[in-house]
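Asks: Here's a structure for you.
The values are calculated or read from the model by the stated rules, or taken from the named source; none is laboratory data. Note that the coordinates shown come from a computational prediction; the quantities given were computed from them, not determined experimentally. Backbone-built Cβ (ideal geometry, glycine too); neighbour counts: all protein chains shown. Ligands, DNA and RNA are stripped out before the accessible areas are found, and what is left, the full protein with its side chains, is counted by its heavy atoms. Shrake-Rupley method; radii C 1.70, N 1.55, O 1.52, S 1.80 Å.
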Amino acid sequence: MKNIGILGFAHGHVMSFGNVWKENPSLGIKIAYGWDHDESRAAGCCEKLGAVPAASVEELLSKDIDAVVISSETAYHAELVEAAANAGKAIICYKPLALTLNEADRIVEAVNKNHVPFTAGFQMRVDKQNLKIKELVDSGKLGKCFYFRRRHGLNTHEWGDLSQLWHFSKELNRDIFADDSSHPLDLVNFIFGAPESVYAELSSPLKGIENGNGAVIMRYPDGMLAEVSCCFSCCAAEITTEAYFEKGSIQQYFGDAPSCRAEHNTDRGLVIFNSQDKAWTPFDIKSPISHGERIINQAYDFADFLYGRRGPICTAEEARVSLKMVLACYVSSREGRRVSLCDPALRNV
């Protein structure tokens, strides 16, 4: 049995995959302790997960635990990773890695200096349909990829009083684009690696939702373009991913929360068009009925990581590249230009 401590309950996803661990002892993960700077939040979450609240980070790390899950507000990730790494604990750090590139550097340094197992948590990297897309790209069966597009959204404009949510706090999370665009931008990094340049337009069409719109174009050395479009005032959608190759196309539906909102055909979530067959063919990979299923399913990959049955879902270095892609969007939108991931302006965002 692996004993786990939770450092911060701000990111609610930990309650979803944490409950899977609680309800399935055969996975061998016990959430033993939990801490949060908000004592009432810690008490409530620990009660639900069967954990004991710790009075401080230091107290939690002094306990007999094998690993920690860091799911605090993004602003605290660097200091919590440093503390956990110095204590020799394995680490699952939920996305995004950090607010700034300097904080990301601190995380990478702490992990490498202490030689602790580390993974960042990005649910798109363990989604079965996304893994099939990556497999097809890597195999070259459809030839060269010319254009890849991922649409990603949330219906935050329907969430009520956003001023009460840390996700929209500049100090704690920058804004909703920094937080949630990290998913599709990391997916592009996962499938294709780092782009040569990034061009983006960010806008705030609704009061209270800073940078609620984002359109990003990434150029690759071989001429491929990757696009990420984010609307965080999205009521509903269907198509999530489009990929166009010299020998066919791939389309994915129902891959985010707005697209799972209405009734949908889970059997045709991922389809492929092969030029030879001249027909759309669905893969036998069902789409989840709800977006919550994707979040819950992380429990199994996280457990495999903690037991050494698989490597990191996303290394600290990979997560730092994904953060650079996010930060490049801000520089590009602000300055109206293409931005490379080596641009020194990324440190001034």
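Asks: Scan the stretch 239-259 and give yes if some residue there is touching a Pro at 6+ places or on another chain (Cβ under 7 Å) and crowded, with 20+ Cβ neighbours inside 10 Å, otherwise no. Give the derivation first.
Replies: From the stretch 239-259, those touching a Pro at 6+ places or on another chain (Cβ under 7 Å) are none; that's our starting set.
Looking through the stretch 239-259, none of the residues is touching a Pro at 6+ places or on another chain (Cβ under 7 Å) and crowded, with 20+ Cβ neighbours inside 10 Å.
Asks: For the structure I just gave you, tell me whether Ser333 is in contact with a Leu (Cβ under 6 Å, 6 or more places away or on another chain), open to solvent by 10 Å² or more (accessible area, probe 1.4 Å) and among the small types (Gly, Ala, Ser). Explain how you work it out, then say what you get.
Replies: Values: in contact with a Leu (Cβ under 6 Å, 6 or more places away or on another chain): yes; open to solvent by 10 Å² or more (accessible area, probe 1.4 Å): yes; among the small types (Gly, Ala, Ser): yes.
It is true that Ser333 is in contact with a Leu (Cβ under 6 Å, 6 or more places away or on another chain), open to solvent by 10 Å² or more (accessible area, probe 1.4 Å) and among the small types (Gly, Ala, Ser).
Asks: Looking at the stretch 69-78, is at least one residue closer than 30 Å to Cys234 by Cβ and either at pLDDT below 95 or open to solvent by 40 Å² or more (accessible area, probe 1.4 Å) (or both)?
Replies: So far as the stretch 69-78 goes, yes, one or more of its residues are closer than 30 Å to Cys234 by Cβ and either at pLDDT below 95 or open to solvent by 40 Å² or more (accessible area, probe 1.4 Å) (or both).
Asks: Sticking with this one: Tell me, which helices (runs of 4 or more DSSP H) lie completely within the stretch 246-349 with 1 or more residues that are touching a residue at least 12 places away in the same chain (Cβ under 8 Å), farther than 30 Å from Glu23 by Cα and charged (D, E, K, R)?
Replies: The helices (runs of 4 or more DSSP H) meeting that bar are 316-335.
Asks: What residue, of His183, His167, His152, is in contact with a Leu (Cβ under 9 Å, 6 or more places away or on another chain) and not hydroxyl-bearing (Ser, Thr, Tyr)?
Replies: On the way: His183 fails: in contact with a Leu (Cβ under 9 Å, 6 or more places away or on another chain); His167 fails: in contact with a Leu (Cβ under 9 Å, 6 or more places away or on another chain).
Within the list His183, His167, His152, the selection yields His152.
Asks: Sticking with this one: It is to be established whether one or more residues within the stretch 310-329 are under 15 Å from Lys128 (Cα atoms), out of contact with any strand residue (DSSP E or B) (no Cβ under 8 Å at 6 or more places or on another chain) and open to solvent by 40 Å² or more (accessible area, probe 1.4 Å). Reasoning before the result, please.
Replies: To start, the set of residues in the stretch 310-329 that are under 15 Å from Lys128 (Cα atoms) comprises 313.
Filter once more, keeping what is out of contact with any strand residue (DSSP E or B) (no Cβ under 8 Å at 6 or more places or on another chain): none.
Within the stretch 310-329 (the criterion being under 15 Å from Lys128 (Cα atoms), out of contact with any strand residue (DSSP E or B) (no Cβ under 8 Å at 6 or more places or on another chain) and open to solvent by 40 Å² or more (accessible area, probe 1.4 Å)), the answer is no, since none of the residues qualifies.
Asks: Being under 21 Å from Ala120 (Cβ atoms), aliphatic (A, V, I, L, M) and in contact with a helix residue (DSSP H, G or I) (Cβ under 7 Å, 6 or more places away or on another chain) narrows it down to one residue among Leu172, Leu162; which is it?
Replies: Details: Leu162 fails: under 21 Å from Ala120 (Cβ atoms).
Answer to the selection: Leu172.
Asks: If you check every pair at least six apart or on different chains, which have Cβ atoms under 6 Å apart with a residue in the stretch 87-116 that is more than 16 Å from Ala67 (Cα to Cα) first and a residue that is open to solvent by 40 Å² or more (accessible area, probe 1.4 Å) and aliphatic (A, V, I, L, M) second?
Replies: Once the first residue is more than 16 Å from Ala67 (Cα to Cα) and sits in the stretch 87-116, no partner that is open to solvent by 40 Å² or more (accessible area, probe 1.4 Å) and aliphatic (A, V, I, L, M) comes close enough.
Asks: Name every residue in the stretch 165-186 that is in a helix (DSSP H, G or I) and either more than 20 Å from Cys235 (Cβ to Cβ) or acidic (Asp, Glu) (or both), in order of residue number. Full working, then the answer.
Replies: Step one: filter the stretch 165-186 for residues in a helix (DSSP H, G or I), giving 166-168, 170-173, 176-180, 182-186.
Once the filter is applied, which keeps residues that are in a helix (DSSP H, G or I) and either more than 20 Å from Cys235 (Cβ to Cβ) or acidic (Asp, Glu) (or both), the stretch 165-186 yields Trp166, Lys170, Glu171, Leu172, Asn173, Ala178, Asp179, Asp180, Ser182, Leu185, Asp186.
Asks: For Ile133, all conditions in the list (1) hydrophobic (A, V, I, L, M, F, W, C); (2) closer than 24 Å to Ala319 by Cα; (3) open to solvent by 10 Å² or more (accessible area, probe 1.4 Å) hold save one; what is the number of the exception?
Replies: Here Ile133 meets the rest and fails (3).
Asks: Name every residue in the stretch 138-164 that is assigned to a helix (DSSP H, G or I) and open to solvent by 30 Å² or more (accessible area, probe 1.4 Å), in order of residue number.
Replies: Asp138, Ser139, His157, Glu158, Ser163, Gln164 - these are the residues of the stretch 138-164 that are assigned to a helix (DSSP H, G or I) and open to solvent by 30 Å² or more (accessible area, probe 1.4 Å).
Asks: Can you give me the number of residues within the stretch 1-22 that are in a loop (DSSP other than H, G, I, E, B) and under 27 Å from Asp180 (Cβ atoms)? Please lay out each step first, then the result.
Replies: Our first condition is that a residue be in a loop (DSSP other than H, G, I, E, B); within the stretch 1-22, this holds for 1, 8-12.
Then drop every residue that is not under 27 Å from Asp180 (Cβ atoms), which leaves 8-12.
Looking only at that region, the number is 5.
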